[in-house]
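Reading through the structure tokens given below for one structure.
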Amino acid sequence: MHYLFTVIGDTDNPADDSAPGAIDAFNDRLKSEGRWVFGGGLTSPDHATVTDSRGDQPVFSDGPFVESKEYLAGFWVVEADDLDVALALSADASRACHRKIEVRPFDGIA
Amino acid sequence: MADPGLDEVLARVHRDEWARVVATVARRFGDLDVAEDATAEAFATAVERWRADGPPPNPGAWLTTTAGNKALDRVRRESRRDAKQRQAHMLSEQIAGPPEPTGPVEDERLRLLFTCAHPALAMEARIALTLRMVGGLTVAEIAHAFLVQETTMAQRITRAKAKIKAARVPWRVPDAADLPARIDGVLTVLYLVFNEGYLASGGDTDPVRADLTGEAIRLVRLVRELLPDDGEVVGLLALMVLTEARRTARVSATGELVTLNRQDRGAWDRDLVAEGHALVRERLATGRPPGRYQLLAAINAVHTDAADARDTDWSQVVALYDQLARLDPSPVVALNRAIAVAELDGPHVGLAQVEALAAPLAGYHAFHATRADLLRRLGRSAEARAAYDRAIDLSGNTAEMAYLTRRRDELPAAGGR
């Protein structure tokens, strides 16, 4: 079972408050426990471009898809047997990156 | 023709077996939704079949088998319709999957309880799910209890079941390390159910909902049966029975709240008082430090130990609140401690402590009601009147509003002391 850990950034406090090395240590642990699938931090939502190919021609526009106080700062995809395992990992992930985390199960993964 | 004997058997079997049947079927099929429907169908079948043939020698086993067959029918039906997904998910992983590592106690009902009270669910969903799956209440009954539309309550339960399935909330008793926190979560759900019954909100409901207090007590008894060594489970049961013992004395014939000091103590339920005292003594005898519910139970034991309100050992009550405040330094605990201090050291001392809580408790009816009572006792009628007004505005309980209104109207007229 795969879970997405969404790292929730806050525009009021965009600085990286994580303790030095904490995220690397958490990533190493995910890898050694066989739970790592993928993950990474993202640059600021100001650097986002939105692509819309629903019409004939793709349209590219500047900015994040939704303006809000909270934004996607990064994410992990982890392998966990069930929600309790995922929640325990997410508690450590939140501590490591010093941000709130949303935990959501994948509906399938390619 | 209705057979009163059979109705009694059905009611008893429903009470005793519902949770076990839901839990067993949910375990076998890995699906709460399937388990709920199959159990409801099995009970419906039992009503017809037992009326014709008489109840079977072992009703619990009969219901489990029948519900299992109903569930299997449904899974087969659905797997034919949606073969790929259903079979892959449900049959291979859940039925034939490796045995789950089990916690300290192996009872399916305990797993059911921990799943229904899982912290990933919203509190209102935990309450609804626990009452439906463990308590066996109908959706209509739960909707009525919480004053929401039946469709709203049905959606709440459906959403919770869908989340449990999609996010894979595990079907197991938590590890020893997580157990105390998770038991606390289960007890919180049951305490909220009890409190909603004990101080029912809503202008047109009964002030006390004995159906909810009774159900909460029944479920705590079940938890105690499953986790007999947990002190807080015993503490919560003691707290509930000592509170329930005073239920009928707590509201007057005219529907007005009767405060503890004015209750007819002869009207208290002696058996429940005795049970509560025995439970508190049982915990004291262990010599282990008490948790929050045990302390609240001990406070209630002191109150119910006094033959007359004037005999209450207030210094003991204050000492217990001191202990509680160390565990739970919340303003509500401080308010209740201040009420006891007012009895021990006088209303002016109590009032000073109450006033210090004005900021955090500005929106809490009991803060204003307490303040009003202390101001009244100090002869500060104008201030008392304003405090009663605020308390009446904030109270959602009909009996409490009636009591506060009378108290306010009995204050000497403005200008007098």
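The values are calculated or read from the model by the stated rules, or taken from the named source; none is laboratory data. Keep in mind that what you see is a predicted model, and the values were worked out from it rather than measured. Cβ sites come from the backbone with ideal geometry, for glycine too, and all protein chains shown count toward neighbours. Areas reflect the complete protein model, heavy atoms only, side chains present, ligands, DNA and RNA absent. Shrake-Rupley method; radii C 1.70, N 1.55, O 1.52, S 1.80 Å.
Relative to the dominant Cα principal axis of chain B, helix B:381-394 is inclined by about 10°. Which FRET efficiency, nearest 0.05, do B:Leu147 and B:Leu260 yield, Cβ-Cβ r, R0 22 Å? Given R0 = 22 Å and the Cβ-Cβ separation, E is 0.20.
In the protein assembly as shown, the calculated helix contribution to ellipticity at 222 nm averages -18500 deg cm²/dmol per residue, counting -39,500 (n - 2.57) for every DSSP H run with n ≥ 4. Computed with a 1.4 Å probe on the full set of protein chains, the accessible area for A:Phe60 sits at about 140 Å².
Considering every Cα-Cα pair within the range B:170-282, what fraction, in whole percent, is farther apart than 16 Å? For the range B:170-282, the fraction of Cα-Cα distances above 16 Å is 63 percent.
Taken across both chains, chains B and A shield about 700 Å² of accessible surface from a 1.4 Å probe.
Rounded to the nearest 10 degrees, the angle from helix B:398-409 to the longest Cα principal axis of chain B is 10 degrees.
With kT/(6 pi eta Rh) evaluated at 20 °C and eta = 1.002 mPa s, and Rh the Kirkwood radius from Cα pairs, the protein assembly as shown diffuses with a coefficient of 80 µm²/s according to Stokes-Einstein. Placing unit charges on the Cβ atoms of the charged side chains and taking the dipole of the protein assembly as shown about its Cα centre, the candidate lying farthest along the positive direction among B:Leu394, A:Ile8, A:Ser61 is B:Leu394. Each residue of the range B:253-268 is assigned a 3J(HN,Hα), and the resulting list reads 4, 8, x, 10, 4, 10, 6, 3, 6, 10, 6, 6, 5, x, 8, 5 Hz, derived from the Karplus form 6.51 cos²θ - 1.76 cosθ + 1.60 (θ = phi - 60°), x at Gly and Pro.
Placing pseudo-labels 7 Å out from each Cα toward the beta carbon at B:Arg221 and B:Arg49 gives an inter-label distance of 2.8 nm. Positive contributions from Lys and Arg (+1) and negative ones from Asp and Glu (-1), summed over other residues with Cβ under 9 Å from the Cβ of B:Thr304, come out at +1. Over all orientations, chain B has a Cα convex hull whose mean projected area works out to 23.8 square nanometres. Sparsely packed loop sites in the range A:27-61 (the trypsin sites (Lys or Arg not before Pro) outside DSSP H, G, I, E and B with at most 13 other Cβ atoms within 10 Å) comprise A:Arg54. For A:Lys69, a cut-off of 24 angstrom between C-alpha atoms picks up these lysines, skipping any fewer than 8 places away in its own chain: A:Lys100.
The dipole here belongs to the protein assembly as shown: it is taken about the Cα centre, uses +1 on the Cβ of Lys and Arg and -1 on the Cβ of Asp and Glu, and is about 600 debye. Diffusion coefficient of the range B:201-354 by Stokes-Einstein, Kirkwood radius over Cα pairs, 20 °C, 1.002 mPa s: 130 µm²/s. For the protein assembly as shown, the solvent-accessible area of protein heavy atoms averages 50 Å² per residue (probe radius 1.4 Å; ligands and nucleic acids excluded). Within the listed set B:Gly363, B:Gly197, B:Gly287, the Gaussian network model of chain B (springs between alpha-carbon atoms below 10 Å) gives the highest mean-square fluctuation for B:Gly287.
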